[in-house]
1. Give me a count of the residues in the range 1-44 that are more than 13 Å from Asp127 (Cα to Cα) and either part of a helix (DSSP H, G or I) or away from ligand 3 (no atom under 13 Å from the Cβ) (or both).
2. Give the residues of the range 221-277 that are of a type in the set (S, T, N, Q), open to solvent by less than 40 Å² (accessible area, probe 1.4 Å) and assigned to a loop (DSSP other than H, G, I, E, B), sorted by residue number.
3. Does the range 140-154 hold any residues that are away from ligand 3 (no atom under 16 Å from the Cβ) and open to solvent by 20 Å² or more (accessible area, probe 1.4 Å), and which are they?
4. (1) outside any loop (DSSP other than H, G, I, E, B); (2) surrounded by fewer than 20 Cβ atoms within 10 Å (Cβ to Cβ); (3) more than 13 Å from ligand 1 (Cβ to nearest atom); (4) of a type in the set (Val, Ile, Thr): which one isn't true of Thr73, the others all being true?
5. Six or more apart or on different chains, Cβ atoms under 8 Å: show the pairs whose first residue is in the range 249-274 and within 16 Å of ligand 2 (Cβ to nearest atom) and whose second is modelled with pLDDT under 90.
6. Restricting the search to the range 56-70, which residues are more than 20 Å from Ser133 (Cβ to Cβ) and either buried (at least 17 other Cβ atoms within 10 Å of the Cβ) or of a type in the set (D, E, K, R) (or both)?
7. Show the residue pairs meeting these rules: Cβ distance below 6 Å; 6+ apart or different chains; first residue within the range 3-17 and farther than 14 Å from Ala52 by Cα and assigned by TED's automatic domain parsing to the domain that holds Pro187; second residue part of a strand (DSSP E or B) and open to solvent by 10 Å² or more (accessible area, probe 1.4 Å).
8. Just to check your reading of the model, which residue among Lys196, Lys210 is open to solvent by 30 Å² or more (accessible area, probe 1.4 Å), of a type in the set (Lys, Arg) and within 16 Å of ligand 3 (Cβ to nearest atom)?
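The values are calculated or read from the model by the stated rules, or taken from the named source; none is laboratory data. Since we're looking at a predicted model, the values are computed, not measured. Here Cβ is always computed from backbone atoms with ideal geometry, including for glycine, and neighbour counts include all displayed protein chains. For the accessible areas, the whole protein counts, side chains as well, though only heavy atoms, and no ligand, DNA or RNA atoms are used. Shrake-Rupley method; radii C 1.70, N 1.55, O 1.52, S 1.80 Å.
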Amino acid sequence: MLNVDLHCHSTVSDGVLAPAAVAKYAHKAGVNVWALTDHDEVGGVAAARVAAGELGMHFVSGVEISITWANHTVHIVGLQIDADNPGLVQGLADTRSGRDARGREMADQLARAGIPGAYEGALKFVDNPDLMSRTHFARYLVESGVCANIPEVFRKYLVEGKPGYVPHRWASLTQAVGWIRGAGGIPVIAHPGRYKLGMVGQGALFDEFKQLGGTAIEVVTGSHTPDQYHLYAEEARRYGFLASRGTDFHAPGESRVDFAALPPLPSSVKPVWHDWF
Ligand code: AMP
Ligand code: MN
Ligand code: MN
Ligand code: MN
């Protein structure tokens, strides 16, 4: 039976396991088709491919690109990319630049809110110096006792209107889809249920994505509620998108669902992997 997970993070972005360890963890949970999709970075793809091969898992090279669309941060996953494609590699490097300065600003804000030392604190959780993320700050706020857990951090800090939120201009939708397609990959809108776009905004995003050559959306993801699995299965059918599935794994025990708990895609949608084997 196919157990496909096309959305996972390693220490190359904001996960806590190295690429090979994520491969092992996924394999142990029964995954047999697996993609590593670190944020704005393909530095883990080579190691992940080797580890997956040793475990007999079908490997899919991936990435999750941060974009700004209509003043919202949206994530676009690229699957089956050539991770050495110069346009993609340069685009990702440009997207990563500015994360460190943003981290310092986030820390300044947190200091003004009475939480000192957040830059250094977050840095202890960072493995890839190019990829300081809000997740690293969230782990520090939990470690230092400011919040009890990660979801609490993202309710009280680091999000719009709360201390530690620094608006950031990421890549454009056109760029991200262009880099992915230029690298021979499949563009996928990650966890569409997480964006607060409203129905009209979401429709506009889907239309524009489709026009640019986007072909799939995530339907079953650790970032969706079970209700949203069905909602986005319907949206996929309505727009003619293929459907993807992935845990959005970051760390054992940290994600909303673990590998074993994620249900299969509803049978009403066409999987993004329908013609891969
Ligand atoms: P950044 O790319 O630095 O803005 O960080 C975004 C990352 O923060 C996401 O990829 C998630 O790993 C994490 N994140 C954002 N919102 C939440 C949330 N509500 N709960 C848990 N993690 C979140
Ligand atoms: Mn993340
Ligand atoms: Mn994401
Ligand atoms: Mn993700």
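1. Counting residues in the range 1-44 that are more than 13 Å from Asp127 (Cα to Cα) and either part of a helix (DSSP H, G or I) or away from ligand 3 (no atom under 13 Å from the Cβ) (or both) gives 23.
2. Scanning the range 221-277 gives Ser223, Thr247, Ser255.
3. Scanning the range 140-154 gives Tyr140, Val142, Glu143, Ser144, Gly145, Val146, Ala148, Asn149, Glu152.
4. (3)
5. Qualifying pairs under 8 Å: Phe249/Ser255; Phe249/Asp258; Phe249/Phe259; Pro252/Asp258.
6. Met57, Phe59, Val60, Ser61
7. Ser13/His39
8. Details: Lys210 fails: within 16 Å of ligand 3 (Cβ to nearest atom).
Just one listed residue meets the conditions, Lys196.
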